[in-house]
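A short write-up of the structure that comes next.
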There are 2 protein chains.
Amino acid sequence: MKLQKTTEYSLRILIYMAKESEKIHTAKSILENLNISDKYLRRIMTQLTKFGFITSVQGKEGGYFFAKKLEDISIADVINAFEGLEKYSGCVLGFEECSDENPCAFHYKWKEFRSNLIKFLKTTNLSNIEVEQILKF
Amino acid sequence: MKLQKTTEYSLRILIYMAKESEKIHTAKSILENLNISDKYLRRIMTQLTKFGFITSVQGKEGGYFFAKKLEDISIADVINAFEGLEKYSGCVLGFEECSDENPCAFHYKWKEFRSNLIKFLKTTNLSNIEVEQILKF
DNA sequence: TCTATATGCTACTTGTTTGTAGTATTTAAT
DNA sequence: ATTAAATACTACAAACAAGTAGCATATAGA
Ligand code: SF4
Ligand code: SF4
């Protein structure tokens, strides 16, 4: 499980915002807490908006707030939006298809593992994460 | 878990060679079975040789054969040689450190998962893979 | 209306991975 | 020695990801 930097940052941002989920967060305030460069963060915020996770408010007093309920944003949703979940739910060895009929050498060992991973990613969302325990940003 | 293409290919090659582990395999014969371009495959073979997984024999009647016992080549070893295992054993969110004292929001959910993954990669090796079941290359 | 404070868009730069081309080297067999 | 069949090396090209820069747009409030 190695996510792209952009996805890592997105998750960090959303988790950070979820800590005070009612508040409107500015790019500047997020910047000061997470270690992401100004312009890069900006672009990610716009993408998060386009994907419908958050809503942006332009102009003075503007910023970003959640467009959905926290429980409706799973880790899998975020990964899927930015880079596609198939990448991780697909074959570890990069084969086209994976089935019991046409197995590779990993098949029986890997199959179970992978389904656990996907289940974990789909059921873990911004509301059932241990937000209160977060020390790290 | 998304490996680099080069690592995917390396694993495929080694698994393929393990099917007839005593034989000397030529790049040409591997090429015909796995779908990797000539020059790319060649480079990977040389790397596998340098990493000590296989031994190369130059000249006519040459090719590659295993330099180690199959049980001494784990998936983790291969990943580690090509791209570093830390990439996958490290933080999903890209933080520097991961500890119980300084947890992130995923910590307790993710920790167990990750240790299972690493254990799986370290204990799965070329000898305990279901080689006889392989249909796919 | 003007200004300060926000986000949005487009284009570029840099770095890494993936893939390709051409040439050199090695060695068994004749 | 020559040849054929193999691997090794170096450099380049293409695709993608990561990161940066500058200008455009929106809006609350003085
Ligand atoms: S079980 Fe085999 S074929 Fe299926 S995804 Fe895993 S490596 Fe690929
Ligand atoms: S538990 Fe948290 S800090 Fe540790 S590796 Fe996972 S995401 Fe990173």
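What are the aspartates and glutamates whose alpha-carbon lies under 12 Å from the alpha-carbon of B:Lys111, with same-chain residues fewer than 8 places away excluded? Within reach: B:Asp100.
Inter-copy label distances at A:Thr123, using a point 7 Å along Cα-to-Cβ, come to 2.2 nm with the shortest given first. Listed cross-link partners B:Lys19/B:Lys50; A:Lys5/A:Lys119; B:Lys28/B:Lys69; A:Lys2/B:Lys119; A:Lys19/A:Lys109 are compared with a 26 Å cut-off, the Cα-Cα value being larger for A:Lys19/A:Lys109. For chain A, what does -39500 (n - 2.57) per DSSP helix run (n ≥ 4), summed and divided by total residues, give at 222 nm, in deg cm²/dmol to the nearest 500? Calculated from helices alone, the mean residue ellipticity at 222 nm is -14500 deg cm²/dmol.
Just counting partner chain Cβ atoms within 10 Å, what average do the residues of peptide B:3-11 show around their Cβ?
Averaged over the peptide's residues, the number is 3.
Using only alpha carbons, chain B has a radius of gyration to Kirkwood radius ratio (Rg to Rh) of 1.05. Comparing A:Leu14, A:Leu93, A:Leu31 in a Gaussian network model of chain A, where Cα atoms under 10 Å apart are tied by springs, the biggest mean-square fluctuation is seen for A:Leu93. Working from the Cα coordinates of the protein assembly as shown, the gyration tensor eigenvalues give, after taking √(5λ), semi-axes of 43, 18, 17 Å in decreasing order. Rounded to the nearest whole Hz, the Karplus-based 3J(HN,Hα) values (6.51 cos²θ - 1.76 cosθ + 1.60, θ = phi - 60°) of the range B:123-128 follow the sequence 8, 7, 10, 5, 8, 9, with x at glycine and proline.
Pick from A:Ser99, A:Ser89, A:Ser21: which is most flexible by mean-square fluctuation in a GNM of chain A where alpha carbon atoms under 10 Å apart are linked? Answer for the Gaussian network model of chain A: A:Ser99.
Taken together, the values in this text are just the output of simple stated rules run on the coordinates, not laboratory data. Remember, predicted model here, so these are calculated numbers, not experimental data. All Cβ positions, even for glycine, are placed from backbone atoms using ideal geometry, and neighbour counts span all protein chains on display.
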